[in-house]
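The structure under discussion appears below in the form of structure tokens.
The values are calculated or read from the model by the stated rules, or taken from the named source; none is laboratory data. Keep in mind the model is a prediction, meaning the values are calculated, not measured. Backbone-built Cβ (ideal geometry, glycine too); neighbour counts: all protein chains shown.
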Amino acid sequence: MILVTGATGAFGKASIHFLLKNGVAAEQIVALARDAAKATDLTALGVAVRPGDYDDYPSLLGAMEGVEKVLFVSGSDIFKRSSQHKNVIEAAKAGGVQHVVYTSFLGTNETASSPLWMVAQSHLQTEAWLKESGMAYTILKNTLYMDFIPVFVGEKVLETGMIYLPAGDGKVGAVLRSEMAEATANILSGSNHAGKTYHFTHSQAFSYAEVAQHLSNISGKTISYVSPSAEEFAQTMQAHGMPAEYIGLFSGFATAQALGELETVGTDLEKLLGRQPTSIQTYLNQLYATALH
Ligand SMILES: NC(=O)c1ccc[n+]([C@@H]2O[C@H](COP(=O)([O-])OP(=O)(O)OC[C@H]3O[C@@H](n4cnc5c(N)ncnc54)[C@H](OP(=O)(O)O)[C@@H]3O)[C@@H](O)[C@H]2O)c1
């Protein structure tokens with residue numbers, strides 16, 4: 001039996017759909033949810049939903065009963081994530097789980113000097129705990145979701161005609177979250193993945209100057225890219241009323257990109273999917289062509 005955590009979120013839910021598509025029987029899949037009301041669509045598919053909260057060890061232990069493999073989707077609360085992840089790993093081990101597949105984070109700078117250290121730290125700690133656990137593990141080092149590019153450039157980008165982010169000429173090997181979930185399901189329903197670490201990236205990285213060019217081509221308008229300093233970015237966004245936590249997140253990813261920390265590319269994902277992942281050009285075309293017509 002395969003237990004999928006974060007099953008009410010985008011990554012976990014998509015992974016379950018791809019497991020079913022791969023022919024894994026619904027009775028062989030269990031969804032962990034802290035709010036079962038958010039998983040009624042999975043229940044309707046025949047997937048059992050078990051209650052569990054990363055903060056509540058007994059609930060996690062109960063959910064592990066009869067489970068062989070766990071897709072451990074990292075939690076979304078970066079401040080509580082380390083203790084939560086320790087609970088999940090300890091419950092999996094105590095519950096007799098054999099193999100844990102974990103959604104980690106990919107950056108070239110895995111030290112406190114990274115602008116993304118707040119994000120990376122708990123992932124690296126979790127990787128270490130998993131490796132020490134004695135259970136088989138597969139680590140998915142996930143780059144930035146390509147789905148976040150439209151968020152970072154702003155929903156009004158075609159109106160304002162400008163991308164404003166402190167990312168310099170840095171590139172990112174982003175891929176769509178759904179394609180990461182698809183490759184994850186292929187790992188869970190396949191074999192020979194124990195002890196492996198995969199880089200979930202594109203084979204080609206892109207910059208925001210390229211995103212601006214794609215958007216110009218799609219819209220027929222000139223979309224420019226301006227890269228301020230991180231300080232100027234924070235001041236401008238604050239003046240526009242952006243909440244501090246969003247400024248920190250946008251700035252953290254952009255400055256890490258400027259420093260080359262997100263530029264890793266490779267073919268791990270391509271091999272697991274059996275095709276090239278969607279390119280940024282195709283994704284933006286699909287997204288904005290729909291919005292424009
Ligand atoms: N690579 C990237 O670009 C990127 C970007 C954003 C996030 N991430 C990471 O990847 C993970 C999956 O991404 P996503 O898009 O699927 O995020 P998401 O849609 O926010 O889903 C997060 C899932 O984790 C569950 N969760 C959070 N805290 C929990 C807790 N205490 N106990 C049990 N479940 C808990 C959520 O449950 P509820 O539905 O109850 O909230 C939800 O099912 C995120 O959680 C984050 O760690 C990666």
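Numerical summary
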quantity	calculated
Verdict on A256 being touching a Leu at 6+ places or on another chain (Cβ under 9 Å) and within 20 Å of P115 (Cα to Cα)	yes
Yes/no for K196 being at negative phi and assigned by TED's automatic domain parsing to the domain that holds I280	no
Total residues in the range 134-161, condition touching a strand residue (DSSP E or B) at 6+ places or on another chain (Cβ under 7 Å) and surrounded by fewer than 18 Cβ atoms within 10 Å (Cβ to Cβ)	2
Residue in the range 85-102 that is over 28 Å from S191 (Cβ atoms) and not basic (K, R) present	yes
Index of the failed condition, H199 passing every other in (1) within 18 Å of E261 (Cβ to Cβ); (2) surrounded by 23 or more Cβ atoms within 10 Å (Cβ to Cβ)	(2)
Wholly within the range 1-78, helices (runs of 4 or more DSSP H) carrying at least 2 residues that are surrounded by 17 or more Cβ atoms within 10 Å (Cβ to Cβ)	10-21, 57-63
Considering residues of the range 266-279 that are under 16 Å from the mean Cα position of the chain (by Cα) and crowded, with 19+ Cβ neighbours inside 10 Å only, the residue farthest from I149 (Cα to Cα)	L269
Boolean, F200 is within 16 Å of the ligand (Cβ to nearest atom), farther than 14 Å from D268 by Cβ and in contact (Cβ under 8 Å) with a residue 24 or more places away in the chain	no
Selected residue [out of contact with any strand residue (DSSP E or B) (no Cβ under 7 Å at 6 or more places or on another chain) and more than 25 Å from A136 (Cβ to Cβ)] from K86, K38	K38
Single match in V151, V100 (criterion: more than 14 Å from the ligand (Cβ to nearest atom), without any contact (Cβ under 8 Å) to a residue 60 or more places away in the chain and of a type in the set (A, V, I, L, M, F, W, C))	V100
From F233, F250, residue being touching a residue at least 40 places away in the same chain (Cβ under 8 Å), out of contact with any strand residue (DSSP E or B) (no Cβ under 9 Å at 6 or more places or on another chain) and either among the small types (G, A, S) or crowded, with 16+ Cβ neighbours inside 10 Å (or both)	F250
Residue in the range 122-133 that is polar (S, T, N, Q), surrounded by 23 or more Cβ atoms within 10 Å (Cβ to Cβ) and out of contact with any helix residue (DSSP H, G or I) (no Cβ under 8 Å at 6 or more places or on another chain) present	no
Selected residue [farther than 25 Å from H202 by Cα, more than 9 Å from the ligand (Cβ to nearest atom) and outside any strand (DSSP E or B)] from E127, E132	E132
Positions within the range 34-79 being aromatic (F, W, Y), more than 9 Å from the ligand (Cβ to nearest atom) and at pLDDT 95 or above, in sequence order	Y57, F72
Of all residues making up the range 264-293, the number that are within 24 Å of L188 (Cβ to Cβ) and in contact with a strand residue (DSSP E or B) (Cβ under 8 Å, 6 or more places away or on another chain)	7
Selection within the range 111-124 - more than 10 Å from the ligand (Cβ to nearest atom) and either within 17 Å of G52 (Cα to Cα) or under 17 Å from the mean Cα position of the chain (by Cα) (or both)	L116, W117, M118, A120, Q121, L124
